[in-house]
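Just below is one structure, and these are the notes that go with it.
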Amino acid sequence: MASHSNIEANLPAFDGYDEPSGAKESLPLFPPVPHRDAKRQIPSPPEPGANRVGIARLAASSPLADSKRGAEYFLLPAKSILNRCDSERVPFTWTVNPYRGCEFGCKYCYARYTHEYMELDGGEFESKIFVKQDAGPMAFRELRSSAVRGEHIAIGTATDPYQPAEREFGATRAILEQMAELEGLSVSITTKSDQVLRDLDLLKRIHEGSRLSVNLSVTTLRRGLARLLEPRAPRPDLRIGAVRTLRQAGIRAGILVMPVLPGLTDRIEDLEILARAARDAGACWFAANVLFLMPASRKTFFPFLAEKFPRLARRYKDWYTGSGYAPESYRKEIAERFAYLRKKYDLETRPEPPERNSLHSQEQLTLGL
């Protein structure tokens, strides 16, 4: 695989975004980007509420475990680690999200609405992280259920399983340890982090006895732009490198360009360089979805656009205020671009579909929690 410096050197000038003067400098894996004014007092844990029910009640009673990097971590007394997904629009039955909330703080993240289930604002999605307690013991029990056998399990559909909290709490690894003890599973992992390589030993064991695929999400190879859009996610070149390491280990892995952001990450020149980097890393697939914006996400994304990309703000409001989807004509154009790039660089559309009675195309939304 070409080095990141070579990849970025080949990127054409982008009139919609200018790289900061220090963009060529090395950036740490998880840069210390605060989520709030450091002078402000760290907010208190969610207040208990007698009228709350379900997940909101559980969240309100979750004890504060730690506060660092501008985020708070709560221990959520979850009742299950496997969540059944009944939507016919996604090709899997079970989802696993070891955390609620995600510290990466992607400005466009569709999953911000999930914090509203806990009666929290979607803007706190990256600052109030809930760690599901006893993930390992729950996985031990639930993975052995007959209901799970033969059905696909998707890890990381709403929050990243390898966000920084994983280094302290290890909920994802605890689940993988249980999966490594079994055979005949069908598992996929989706992440923006090369921290997935920490668990390469477990992934190899799972691969030996089950069907496994790993998706690395990369929206752009421009480091400055990625830092704005995905403030605390690892650099794009590290994610590309993770694909290469996984492939060298014999594990099926590929690139998800999800979401494609109109006017920001959709230039054919940039996408071609990204497709070439995926090919050179040995990626098996190169898939994409255009940005989907729920109301909870618009509350964060629209002000961000107005500040950083004012020339695009009007277009986004015209497209997304009345609908969560970009116009069909645009989505068709993007689909055609990726079909062309996959053919040119000999990449698949996505992993082979899991076995399920009724399969439909995966969308950015409607994923179980």
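The values are calculated or read from the model by the stated rules, or taken from the named source; none is laboratory data. Owing to the predicted nature of the structure, the values given are computational and were not obtained by experimental measurement. Neighbour counts run over all protein chains shown; Cβ positions are idealised from the backbone, glycine included. The protein model used for the area step is the full one, side chains on, heavy atoms only, and it has no ligands, DNA or RNA in it. Shrake-Rupley method; radii C 1.70, N 1.55, O 1.52, S 1.80 Å.
Using a 7 Å offset from the Cα along the Cα-to-Cβ direction at both K317 and A339, what is the distance between the two label points in nm, to one decimal?
With each label point 7 Å from Cα toward Cβ, the separation is 3.5 nm.
FRET efficiency for D86 and D280, Cβ-Cβ distance as r, R0 = 45 Å, nearest 0.05?
Values: r = 39 Å, r/R0 = 0.87.
That gives a FRET efficiency of 0.70.
Please give, to one decimal in nm, the separation of the simple spin-label points placed at D134 and D121, each 7 Å out from Cα toward the Cβ.
3.4 nm
At a 1.4 Å probe radius, carbon and sulfur cover how many percent of the accessible area of the stretch 173-247?
Roughly 43 percent of what the probe reaches on the stretch 173-247 is carbon or sulfur.
Can you give the accessible area per residue of the stretch 127-286, in Å², using a 1.4 Å probe?
So the stretch 127-286 comes to 28 Å² accessible per residue, rounded to a whole number.
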